[in-house]
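All remarks here apply to the structure that follows.
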Amino acid sequence: MTRRPAWPRKAMDAAVKVVSALAAALGLGFLAWILFVVLRHGAAALNWTFLTSLPSAPGSSGGGLGNAIVGTALMTLLACALGVPVGLLAGVYLAEYGRGTRFATTVRFLANVMMGIPSIIIGLFVYAILVLPTGHFSGWAGGVALALLVLPVVARTTEDMLAMVPNALRESALALGSPHWRATVQILFRACRAGLLTGVLLAVARVSGETAPLLFTALNSPYWPRSLDGPTANLTVTIFNYAMSPYPAWQQAAWGASFIIAIGVLALTVVTRTLARERK
Amino acid sequence: MTRRAHGRAPLLAEGLFRTAALTCAAFVLLVMAGLFVVLLYRSRLSIHRFGWGFLWSTAWDPVRDNFGAASSIFGTIISTLIAMLIAVPLSFIIALFLVEVAHPRIARPVSYGIELLAAIPSIIYGMWGLFVLAPLMATYVQPEMQKVVGKLPLFSGPPMGIGVLTAGLVLALMVLPFITAVVRDVFALVPAVMKEAGYGLGATTWEVTRKVTVGYGMKGIVGGVFLGLGRAIGETMAVTFVIGNDHRIAASLFASGNSIASTLANEFTEASEPVYLSALVELGLILFVVTLVIQVLAQLWLARLARQAGTIA
């Protein structure tokens, strides 16, 4: 019997290792490339006026996106105010009251599915239930659309975090005669506070960069948001509108807005995840 | 010591909290059901008028109120296909690097960087795709491709940069972190004993991966691919920026086209006629049903795997 030489196998192995390293480098390279482009173009567009004033007329330079920054912040806040409590309570039901029931299994399954529904479909849905009946686009509708994206994320993280709390803690609280709700809010929430906060912040980071659900709900506006009861300026739809315009000044403003969104979302993600890791 | 009064109050609070939690959980159910019902209701005009023919009609004529979904469905399928063809092998090999090849001290930051790709908002990919990638494709990549492969119909037409191919590339980059994360976790779950047995027989890293790890984790990889697929199909902004937004079915990958999501993003606020609006909502309904099916399959698949892993362990 002849022995098969080892070198083709070793060469193949080495080749695969090199290729895999190159593939990983490629992935990181794209990340660096995108960030570099956004930083370079964005930094050129940023200045104090850009952050604080209203947009300029089509084609003319100067002006800013102060209204869009305020609008995005308001709608993200609204999304949290609506989505976080509902998501939290839904998560409590899944982990505490409904554990093991068929209803809870169904809801958990649907929450997972809901996270994968394209955000533009959520926008379409909110358009049909809020914009059509009221007859106009509004910041409220935009906030609701974002809240529907926050909801399943917060519900699932809350459930996972509550499930990780040792059962002994739950049982001791209940054994002391504490009602289940008190045990949940005062003992269990406190035990997994960090995890809950991480989940909420990551959800916020995700929705604050969303565009598609705002296209037919909040629309956009060149004015300061006086109330949320009308088309509301926001950064992401502004990027879309400006990038597609033929005016270089507007395209530059789109880069400025991209800079704010990209850096804001990434910074929030990185800080949250770093904090979450340090606590472990 | 004072004792708190045992009245109805604590029971009432408990009941209220419990009901509130139940209501919020039921709300998830309500939204999912509502999504389907509302989209179906709002597309009734279009469904009534075009019937099943909507799915394969290539018409898109807002002036004569004649609409069909074929070009949007075609563009969605082709751009997703390109994305998956690139992203799946690339994710696989990056996951291999992270789990089997790299030292943990290198693997951890690299893994983190790849995950950050998922945190970049869709619209930023759109800006990069439109202003940076598309010009590069037009001046360098596409002419080179035409030179190398000749005048195949697949690569014919003027190299404009924007088009189905560029949309597929951007999509590939966007779903890469999702698939990589799943495959990486699957690789890491393969019992060390199985791998060590392979190494003990004198196999190389690649042989162990190919014959042990992949066989063991194939099912998990399929689940990850499904999740990536679901993302790619519904991705809106990045595609809208680079696909060209043209209602046509072209043989060439360089030609501009459209996807369901990009059509919605572009035309929805301009649609003034009820039938036009209804046709757009029906497009949304199609997208919703397709992603729903993919998501349900992926979740059932992954849940079954988790159960199996549970019984083994």
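Non-local amide H neighbours of B:ASN66 (under 5 Å, H modeled in plane, Pro and chain starts lacking H): which ones?
Distant-sequence amide H within range of B:ASN66: B:ASP61.
Post the alpha-carbon centroid distance, region B:134-185 to region B:60-126, in whole angstrom.
Comparing the Cα centres of region B:134-185 and region B:60-126, I get a distance of 12 Å.
Per-residue HN-Hα couplings for region A:236-252, Karplus 6.51 cos²θ - 1.76 cosθ + 1.60 at θ = phi - 60°, whole Hz, x for Gly and Pro?
5, 5, 4, 4, 4, 5, 5, 5, 7, 7, x, 8, x, 5, 5, 5, 5
In nm, to one decimal, how far is the modelled label at B:THR269 from the one at B:LEU201, with both set 7 Å along Cα→Cβ?
Between B:THR269 and B:LEU201, the simple spin-label model gives 6.1 nm.
Please report the orientation-averaged projected area of the protein assembly as shown, defined via the convex hull of its C-alpha atoms, in nm².
34.0
Along the Cα→Cβ direction, 7 angstrom out, place labels at A:SER227 and B:MET194. What is the inter-label distance in nm?
In this crude label model, A:SER227 to B:MET194 measures out at 6.2 nm.
Would you pull out the residues with amide H under 5 Å of B:ASP246's amide H, same chain only if 5 or more places away, H placed 1.01 Å from N?
Those lying under 5 Å, H to H, from B:ASP246 are B:GLY257, B:ASN258.
Per DSSP H run of n ≥ 4, the term is -39500 (n - 2.57); total these for chain A, divide by its residue number, and report the mean residue ellipticity at 222 nm rounded to 500 deg cm²/dmol.
-22500 deg cm²/dmol
If the viscosity is 0.890 mPa s and the temperature 25 °C, what translational diffusion coefficient in µm²/s does Stokes-Einstein give for region B:46-312 when Rh comes from Kirkwood over Cα pairs?
121
For the protein assembly as shown, report the accessible area per residue in Å² (1.4 Å probe, heavy atoms, rounded to an integer).
Each residue of the protein assembly as shown exposes 46 Å² on average to a 1.4 Å probe.
With θ taken as phi - 60° and the coefficients 6.51, -1.76 and 1.60, list the Karplus ³J(HN,Hα) couplings across region A:37-47 in order, rounded to whole Hz; mark glycine and proline as x.
In residue order, the calculated couplings are 4, 5, 5, 5, 5, x, 4, 5, 8, 7, 6 Hz.
With θ set to phi - 60° and the Karplus curve 6.51 cos²θ - 1.76 cosθ + 1.60, what are the ³J(HN,Hα) couplings of region A:86-103 in order, to the nearest whole Hz, using x for Gly and Pro?
Going residue by residue, I get 5, x, 4, 5, 4, x, 4, 4, 4, 8, 9, 7, x, 3, x, 6, 5, 4 Hz, with x marking Gly and Pro.
Enumerate the aspartates and glutamates that B:LYS195 could reach by cross-link, defined here as Cα to Cα under 20 Å, with residues fewer than 8 away along the same chain left out.
Qualifying aspartates and glutamates at Cα under 20 Å: A:ASP13, B:GLU100, B:ASP185, B:GLU207.
Okay, helix-only estimate at 222 nm for chain B: each DSSP H run of n ≥ 4 adds -39500 (n - 2.57), divide by all residues, round to 500 deg cm²/dmol; what do you get?
-22500 deg cm²/dmol
Give the calculated FRET efficiency between B:HIS48 and A:ARG3 to the nearest 0.05, with a Förster radius of 51 Å applied to their Cβ-Cβ distance.
0.10
Taking the Cα atoms of region B:114-238 alone, what are Rg (to one decimal) and Dmax (as a whole number) in Å?
19.3, 56
Mind checking how much accessible area B and A bury in total, 1.4 Å probe, in Å² rounded to 100?
Using a 1.4 Å probe on protein heavy atoms, the buried area is about 7100 Å².
Beyond 18 Å, what percent of the Cα pairs of region A:208-280 remain?
Value for region A:208-280: 51 percent of Cα pairs lie more than 18 Å apart.
The values are calculated or read from the model by the stated rules, or taken from the named source; none is laboratory data. Computed from a prediction, not measured in an experiment: that's the story for all the values here. Every residue, glycine as well, gets a Cβ built from its backbone with ideal geometry; the counts of neighbours run over all protein chains shown. For the accessible areas, the whole protein counts, side chains as well, though only heavy atoms, and no ligand, DNA or RNA atoms are used. Shrake-Rupley method; radii C 1.70, N 1.55, O 1.52, S 1.80 Å.
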